[in-house]
Amino acid sequence: MRIFVCVKAVPDTAARIKVKDGATIDPSGVKFVLGPYDARAVAKAIALKEAAGDGAEVVAVSAGGTKGERDANKRLKDALALGADRGILIPDEASENRDPLEVAKALAAAIKAEGDYSLVLLGRTAVDDQAMSVGPMLGALLGAPCVTDAVGLEVAGGKATVTRAAEGRQQTVELTLPAVVTGQRDLAEEKYPKLKDILKAGKKPMATFDYAWTDGGYTVTALEPPPEPVAGKIVGEGPDAVPELFNLLQNEAKKLSF
Amino acid sequence: MSEFVGADFFELDELLSDEERAVRDSAREWVDRELIDSRLIEEHHRAGTFPRELATQVGEMGYLGPTLPEEYGCAGLNQVGYGLIMQELERGDSGLRSFCSVQGSLCMYPIFAFGSDEQKNRYLPGMAKGEIIGCFGLSEPDHGSDPSGMETKATPDGDGWILNGTKRWITNGSIADIAIVWAKTPDGIRGFIVPTDAPGFSAPLIPGKFSLRASVTSELIMEDVKVGPEALLPETTGLKNALMCLSNARYGIAWGVVGSAMAVFDEALRYLQSRTQFDKPLASFQLVQRKLVHMHTELTKAQLVAHRLGRLKDAGKAKHYHVSFAKRNNCWAAREIAKLGRELLGANGVCDEYQVMRHLMNIESVYTYEGTHEIHTLVLGEHLTGFPAYRG
């Protein structure tokens, strides 16, 4: 069994993001990390590999820059430290704001070049642009069934059984392998890379897959921080304030209706 | 992801390898989740108990004796990587870092450096996993800074030994499976691996500590404890062997206290930026900024010292006086920073909702143990002048 896991270097969610030139993130002083959903997908891939036994392989793939903090090599190393067996880098020095369809095409090309596989796992979204598109597009490009937002995944007899979070309910879907699955946080427990695995990661094989990037149909024209929250209003204190509060909620904010 | 932002004024991160950064980041994440966010450390600090379940967890993460070779189940990590782990552990709590220092530098290291192959194979893999816990018995009730005056004796008995004496201020003592005990023999001071279940051996807890509350500190009492010849660490020939262990542990302390200072500084800065008095953020007041800048300056200097010492140690060029400099300076700095951090947090600074008071209480021990500030001053004094002032 071969499992591909697609990972992306994203800014740490605790980082204070500043916008540069109107449409890009200013990377200076921003720490980049392995996407948190991607990390769970890696952990799930390792668990499936361990359950499958000998001969199973987990391959981490990342399309991205190779310089500075945004270096995708480092995030592939993170995936290797979590237990992936080898890494494939698809260099893209203009990775920021890259059309998700282009990213999906590059990943599909790299995966096809490797031959057979059972599963491709991805995080449900990258926490930077939150496009949530690459997984399903990759499924279409590979001609493989795709399920998003998995919280559970079992593999047996050439099939994958996926439990997915769907609007407060859970849906169970059966897929014929090979398949593409994007995962929620709950897909796997969080793993910390252990010291020995970090040191071992430096010795695991890393390959490069070159892809001829083209500008896709998707262009980011502006990147802005969310609007500042509007200041609150204190309408009074105690029970006497309730009628006015109702009035404002109903007539001004229009959040209540009877 | 953690809220914590590690101060790095002089961009020391640039001087770390990708691997060293990955080791640091992984330890940082582990400490955030398992120790700080879970509030596990507050619970144990309040209760005055060691989070015993962490012993095997830190073993699994690889934080026990990480610089020792892979053949004993360790990672063969370099010294800077090790220092960064100590920094992150102590950012969580000095008690946990102390546990790891004692296990790694004071117990696993002497078995590795002065033990027989049989001793190494018997103890090191289990100690790396945290399944066998060690403690280090050098200090005595009446002999702290002057260990050469020790009263503990090992008397030859057939092909084995009989040990008598009392050790005090022993981290991990009451939870240890083995004790590395230093004792006077007819051939000078030598080290022994003493099983703590040996008849005549007891390790009562020292109660009432205001510091390192999440760490076990004990007395070791040995009354006619019989051990076989296999207990002796064969390559130990004098007090210098014990001091070599301490030098390694002090190296880890010099990094560890940087972590404590980073935690305190980060907490203080956040607090001062968010709390308003007289209609202005506290951080905008001159008297507050003065304290903050002092804390930040001392923190940055301590980071530079730890980093340079680590690189020297990896190059095999660190001398005992370099370690004394770093232990002395960095513990002093961390104590100063914790004291000012406590002041800056006002009344909130004395409650365990914030970390600073716990760090301040802990640093009082760390300032004093493993060579007091004064002893390290005299080590450096001897290095500069050639006169060993502590030798009368």
Which condition does A:Gly87 not pass, out of (1) assigned to a helix (DSSP H, G or I); (2) of a type outside the set (Val, Ile, Thr); (3) within 30 Å of A:Gly157 (Cβ to Cβ), if it passes all the others? (1)
Being within 16 Å of B:Glu29 (Cα to Cα), in contact with a Ser or Thr (Cβ under 9 Å, 6 or more places away or on another chain) and surrounded by fewer than 20 Cβ atoms within 10 Å (Cβ to Cβ) is the filter here; which residues of the stretch A:10-42 pass it? A:Asp12, A:Ala14, A:Pro36
Taking the stretch A:1-34 as the search range and keeping residues that are touching a helix residue (DSSP H, G or I) at 6+ places or on another chain (Cβ under 8 Å) and not in a strand (DSSP E or B), which one is nearest to the other protein chains (Cβ to nearest Cβ)? A:Thr13
Filter the stretch A:43-58 for residues that are among the aliphatic types (A, V, I, L, M) and away from chain B (no Cβ under 14 Å); the one that is surrounded by the most Cβ atoms within 10 Å (Cβ to Cβ) is A:Ala45
Check off (1) within 16 Å of the chain's Cα centre (by Cα); (2) part of a strand (DSSP E or B) for A:Val173 and give me the number that stays unchecked. (1)
Tell me the residue from A:Asp128, A:Asp186, A:Asp149 that is of a type in the set (Asp, Glu) and more than 20 Å from A:Ala47 (Cα to Cα), please. A:Asp128
Collect the residues in the stretch A:68-83 that are basic (Lys, Arg) and within 13 Å of chain B (Cβ to nearest Cβ), keeping them in residue-number order. A:Lys74, A:Arg75, A:Lys77
Residue list for the stretch A:109-142, restricted to those being aliphatic (A, V, I, L, M) and either buried (at least 23 other Cβ atoms within 10 Å of the Cβ) or outside any helix (DSSP H, G or I) (or both): A:Ala110, A:Ile111, A:Leu119, A:Val120, A:Leu121, A:Leu122, A:Ala126, A:Val127, A:Ala131, A:Met132, A:Val134, A:Leu138
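Name the residues in the stretch A:199-214 that are in a loop (DSSP other than H, G, I, E, B) and either over 22 Å from A:Val61 (Cβ atoms) or not charged (D, E, K, R) (or both), would you?
If the condition is that a residue be in a loop (DSSP other than H, G, I, E, B) and either over 22 Å from A:Val61 (Cβ atoms) or not charged (D, E, K, R) (or both), then A:Gly202, A:Pro205, A:Phe209, A:Tyr211, A:Ala212, A:Trp213, A:Thr214 are the ones that fit.
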Subset of the stretch A:194-211 [within 12 Å of chain B (Cβ to nearest Cβ) and among the small types (Gly, Ala, Ser)]: A:Ala201, A:Gly202
Pairs under 9 Å by beta carbon, first residue in contact (Cβ under 8 Å) with a residue 24 or more places away in the chain and more than 14 Å from B:Phe9 (Cβ to Cβ) in the stretch B:301-316, partner aliphatic (A, V, I, L, M) and in a loop (DSSP other than H, G, I, E, B), six or more apart or different chains? B:Leu309/B:Ala318; B:Gly310/B:Ala318; B:Arg311/B:Ala318
Only one of A:Pro193, A:Pro227 that is part of a loop (DSSP other than H, G, I, E, B), surrounded by 14 or more Cβ atoms within 10 Å (Cβ to Cβ) and not basic (Lys, Arg): A:Pro193
Going residue by residue through the stretch A:88-101, is there one that turns out to be of a type in the set (Gly, Ala, Ser) and at pLDDT 95 or above? no
Checking the structure you have, find out if any residue of the stretch B:209-231 is loosely packed, with under 15 Cβ neighbours inside 10 Å, of a type in the set (A, V, I, L, M, F, W, C) and not in a loop (DSSP other than H, G, I, E, B). no
Within the bounds of the stretch A:48-63, is there any residue that is among the acidic types (Asp, Glu), farther than 28 Å from A:Val19 by Cα, touching a residue at least 24 places away in the same chain (Cβ under 8 Å) and not in a loop (DSSP other than H, G, I, E, B)? yes
Look through the stretch A:176-193, keep the residues that are within 14 Å of chain B (Cβ to nearest Cβ) and touching a residue at least 60 places away in the same chain (Cβ under 8 Å), and return whichever of them is nearest to the chain's Cα centre (by Cα). A:Arg185
Looking only at the stretch B:310-326, filter to residues that are in a helix (DSSP H, G or I) and under 11 Å from B:His383 (Cβ atoms); which one of those is nearest to the chain's Cα centre (by Cα)? B:Ser324
Could you list all residues from the stretch B:126-176 that are of a type in the set (Lys, Arg), over 23 Å from B:Arg391 (Cα atoms) and more than 24 Å from the chain's Cα centre (by Cα)? none
Output the number of residues of the stretch B:1-47 satisfying the condition of being farther than 30 Å from B:Arg308 by Cβ, away from every other protein chain (no Cβ under 13 Å) and surrounded by fewer than 17 Cβ atoms within 10 Å (Cβ to Cβ). 4
In the stretch A:167-190, anything at pLDDT 95 or above, surrounded by fewer than 16 Cβ atoms within 10 Å (Cβ to Cβ) and in contact with a Pro (Cβ under 8 Å, 6 or more places away or on another chain) is listed as A:Thr176
Segments classed as helices (runs of 4 or more DSSP H), wholly inside the stretch B:58-115, with at least 1 members that are touching a Cys at 6+ places or on another chain (Cβ under 7 Å) and within 14 Å of chain A (Cβ to nearest Cβ): B:79-92
Residues satisfying the stated conditions in the stretch B:330-355, i.e. under 16 Å from B:Val288 (Cα atoms), touching a residue at least 24 places away in the same chain (Cβ under 8 Å) and aliphatic (A, V, I, L, M): B:Ile337, B:Ala338, B:Leu340, B:Leu344, B:Leu345
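Quick one: would you say B:Ala183 is over 18 Å from the mean Cα position of the chain (by Cα), small (Gly, Ala, Ser), buried (at least 16 other Cβ atoms within 10 Å of the Cβ) and within 25 Å of B:Gly104 (Cβ to Cβ)?
Values: over 18 Å from the mean Cα position of the chain (by Cα): yes; small (Gly, Ala, Ser): yes; buried (at least 16 other Cβ atoms within 10 Å of the Cβ): yes; within 25 Å of B:Gly104 (Cβ to Cβ): yes.
The answer is yes for B:Ala183.
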Tabulated pairs, the stretch B:115-136, first basic (Lys, Arg), second modelled with pLDDT of 95 or more, C-beta under 7 angstrom, 6+ apart or interchain: B:Lys120/B:Tyr72; B:Lys120/B:Ile111; B:Lys120/B:Phe112; B:Lys129/B:Thr56; B:Lys129/B:Gly59; B:Lys129/B:Gly73
Here is a list of conditions, (1) at pLDDT 95 or above; (2) surrounded by fewer than 20 Cβ atoms within 10 Å (Cβ to Cβ); (3) of a type outside the set (Ser, Thr, Tyr); (4) closer than 23 Å to A:Pro193 by Cβ, and A:Leu82 meets all of them except one; can you say which number that is? (2)
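The values are calculated or read from the model by the stated rules, or taken from the named source; none is laboratory data. All figures in this text were calculated on a predicted structure; none of them were measured in a lab. Counting neighbours? That spans all protein chains shown, and the Cβs are built from the backbone with ideal geometry, glycine included.
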